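Remarks on the structure that follows.
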Amino acid sequence: MSQNISVCLLLSLSLSLSACAHHKQTANNIAHKPSSIHKKSGLYILPDLDHGLIQSPINIRSFNEETINTHEITFHYQDKIKAIENLGNTVQLNFAEGSTVSYEGLNYDFKQVHFHTPSEHLIDGMTFPMEMHIVSSIAAKNKNDTPRYLVLGILFKMGQANKFIDEFLNQIPKTEHGIVPLKMGAVKLNDLFSSTKLHDVKNFYHYQGSLTTPPYTETVQWFIFKHIIEASPEQIETISTIEGNNARHIQGIFTRGID
Ligand SMILES: [Zn+2]
């Protein structure tokens, strides 16, 4: 896998970051034909670089842990999850208004929680069967401004059944784009982890990156929880069956730091 990644990175540099998955088929033709020709021919899909260099997800190398993290992150969340949606490509829980997280003087509003199977982020090259994203954002003031995001990533491993997941698992709508209201207080993030752990920034790997789905907006403060949470194989399987493989490939870190 690491070999593949390094091949991809090398190719990416010479190719303006072309798609890694296609390097085998295209390697012989690359030097002579710009990607737009491939696109026109319909033979290959080599997307032009339409984003910057701070993309997500990434492989987090845990030996960066000794870096002193001096950021302050404060949660003010009322545990109010109001609905559950089957979006076809993910399962999503929607927050009621009123929960916020502040970081470096900015207040982000909790919006939703969704799942990826398998995990998008890797720790020391290791993938996990599931990752949950708690998404908060600051709406753009003007039409042309970019919204800012703060996303908490929680990685899951196979183990004991998870109380939080049990609270909504049987309520996921069967039909794609179905949405079901939840009784307030029936699904509680507090049952996933104690809020004391959330308030200590040392429990997270932090880096700056992007959304992992289009438009891959690069205004995301990522906080990946260091503690790996357990869920039962059945719970993970249920979510995975609904959403399929919806994990984006890891992206180059380039000059970014993890703290
Ligand atoms: Zn996500």
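The values are calculated or read from the model by the stated rules, or taken from the named source; none is laboratory data. Nothing here was measured: the structure is a model prediction, and the numbers come from that model. As a convention, Cβ positions derive from the backbone with ideal geometry for all residues, glycine included, and neighbour counts pool all protein chains shown.
For this structure, a couple of remarks:
- When residues in the range 241-251 are screened for being touching a Cys at 6+ places or on another chain (Cβ under 9 Å) and buried (at least 17 other Cβ atoms within 10 Å of the Cβ), 0 of them pass.
- Residues that are part of a loop (DSSP other than H, G, I, E, B) and either among the aliphatic types (A, V, I, L, M) or farther than 13 Å from LEU93 by Cβ (or both), drawn from the range 168-182: ASN170, ILE172, LYS174, THR175, GLU176, HIS177, GLY178, LEU182
- Output for the range 139-167, where each listed residue is assigned to a loop (DSSP other than H, G, I, E, B) and small (Gly, Ala, Ser): ALA139, ALA140, GLY159, ALA161
- Among the residues of the range 209-231, at least one is on the phi > 0 side of the Ramachandran plot and assigned by TED's automatic domain parsing to the domain that holds ILE73.
- Residue under evaluation TYR108, criteria (1) away from the ligand (no atom under 13 Å from the Cβ); (2) closer than 21 Å to ILE242 by Cα; (3) surrounded by 18 or more Cβ atoms within 10 Å (Cβ to Cβ), criterion not met: (2)
- Residue count, the range 191-240 (criterion: away from the ligand (no atom under 14 Å from the Cβ), in a helix (DSSP H, G or I), surrounded by 16 or more Cβ atoms within 10 Å (Cβ to Cβ) and at pLDDT 90 or above): 4
- Residues of the range 107-121 satisfying the condition of being charged (D, E, K, R) and either at positive phi or touching a residue at least 40 places away in the same chain (Cβ under 8 Å) (or both): GLU120
- Extreme residue, nearest to the ligand (Cβ to nearest atom), among residues of the range 65-105 that are touching a Ser or Thr at 6+ places or on another chain (Cβ under 6 Å) and either touching a residue at least 40 places away in the same chain (Cβ under 8 Å) or farther than 24 Å from GLU167 by Cβ (or both): VAL101
- Within the range 114-147, considering residues that are more than 22 Å from HIS249 (Cα to Cα) and within 18 Å of the chain's Cα centre (by Cα), the one farthest from the ligand (Cβ to nearest atom): ILE138
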